[in-house]
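The values are calculated or read from the model by the stated rules, or taken from the named source; none is laboratory data. Since the model is a prediction, treat every value here as computed from it, not as a measurement. Don't worry about glycine lacking a Cβ; one is built from the backbone with ideal geometry, like all the others, and counts go over all protein chains shown.
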């Protein structure tokens, strides 16, 4: 379910032409998780827009906040969603602790 939610966020960014942790249609990652009925005690989100999938991970790892989410030992689940629009890939990672 996290993968589907992450893909939904990536699709939303692509079709609504925005790049933000707050969606004008879906709200925050917390709003999205609650609406999907996914229980969590902690949550985080990474987003990226890039022309190459192979650049996404270095972009995340070179950003302190994104890196912290990836390496956080408290997260127990992750969903990754990737949507291509034109020459850009919209990537969302959703992390939760149950």
Tally of residues being buried (at least 17 other Cβ atoms within 10 Å of the Cβ) and either in a strand (DSSP E or B) or at pLDDT below 95 (or both) across region 1-46: 5
Members of region 47-98 that are crowded, with 16+ Cβ neighbours inside 10 Å and without any contact (Cβ under 8 Å) to a residue 40 or more places away in the chain: 56, 60, 66, 69, 70, 75
